[in-house]
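Notes for the one structure printed next.
The values are calculated or read from the model by the stated rules, or taken from the named source; none is laboratory data. None of the values given here were measured: they were computed from a predicted structure. Because the Cβ atoms are built from the backbone with ideal geometry, glycine has one as well, and the counts that use them run over all protein chains shown. When the accessible area is computed, the model is the full protein with side chains, heavy atoms only, and any ligands, DNA or RNA have been set aside. Shrake-Rupley method; radii C 1.70, N 1.55, O 1.52, S 1.80 Å.
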Amino acid sequence: QLARAQALQSPRDVYRVAVLAVVLSGCSFSAQSADRGETPDAGTSGDGTSFVAGCQVQDPSLRLCLDFEDPVLSPIVRDGSPFQHDATTQNLAAMPRAGEQAAMFGSSSQATIPAAPDFGAPTLTLEAWVQTTSIWSSSWALLDSQHYGLGIAGGSIVCVIGDKATSSDATRYSGQWVHVACTNDGDHLTLYINGDAVDCSDNGHVKGTGDLAVGVGLDGGIDNVRLFAAALPAADVCTHAGRTGCAAGCAE
């Protein structure tokens, strides 16, 4: 099976192998609902420390926003969107990123979110900041194993939505913080790296929704994991990457 996996070249094949490998290894995507009654009141941690509530991005299409600003990152990371899709987590540690707090993932880390209709919109944007040196293994920033995924696998930055995939070389970003995003607008699936559009395909079709997993297989850092029920304009993706004047999207 390993030899066969190494022989596969397409991003879609990499995606399928990554999902299969996780399933066979016994890692589960099943998410348990966070019981808000068992957590501190919004605005404080268990020791009374204040944390940043809400999300740095305000957009009516925002459905999930994990900015990892909570002072304690386990057993829950709070969703800063209005939809309160908190992630149930294990073994996350805080780490810095450009003056913000991010989350460090390792082999025993998990972050899962139960399936919700909010995650299955026909037009989508997925985005996150990711840092890893393990670019040849599968590191998914955001993954619905049946419908879509955004991450790094097989030496490429990859976005898969439905039966469509986009990818671009990841080797130049090894060990660096890199902003990755993809949009699915009804005509095109577009992959962005640090705000620049780098690859496009036909629109992918989302048929349903499943549990979401954050940081699957990641050995490194992650921050600002977001899902929008709309395809953000290229200018907005550029802004979220901390830049201006990025390369635009797909040709018509």
> Just to be sure, is Val158 open to solvent by 10 Å² or more (accessible area, probe 1.4 Å), in contact with a strand residue (DSSP E or B) (Cβ under 8 Å, 6 or more places away or on another chain), in contact (Cβ under 8 Å) with a residue 40 or more places away in the chain and part of a strand (DSSP E or B)?
Replying inline: no
> Of the residues in region 169-184, how many are surrounded by fewer than 19 Cβ atoms within 10 Å (Cβ to Cβ) and either in contact with an Asp or Glu (Cβ under 7 Å, 6 or more places away or on another chain) or part of a strand (DSSP E or B) (or both)?
Replying inline: 1
> Which condition does Thr209 not pass, out of (1) open to solvent by less than 40 Å² (accessible area, probe 1.4 Å); (2) touching a Pro at 6+ places or on another chain (Cβ under 7 Å); (3) modelled with pLDDT under 95, if it passes all the others?
Replying inline: (1)
> How many of the residues making up region 215-231 are open to solvent by less than 20 Å² (accessible area, probe 1.4 Å), part of a loop (DSSP other than H, G, I, E, B) and either out of contact with any Phe, Trp or Tyr (no Cβ under 9 Å at 6 or more places or on another chain) or at pLDDT below 95 (or both)?
Replying inline: 0
> What are the residues in region 145-155 that are closer than 17 Å to Leu227 by Cα and open to solvent by less than 10 Å² (accessible area, probe 1.4 Å), if any?
Replying inline: Tyr148, Gly149, Leu150, Gly151
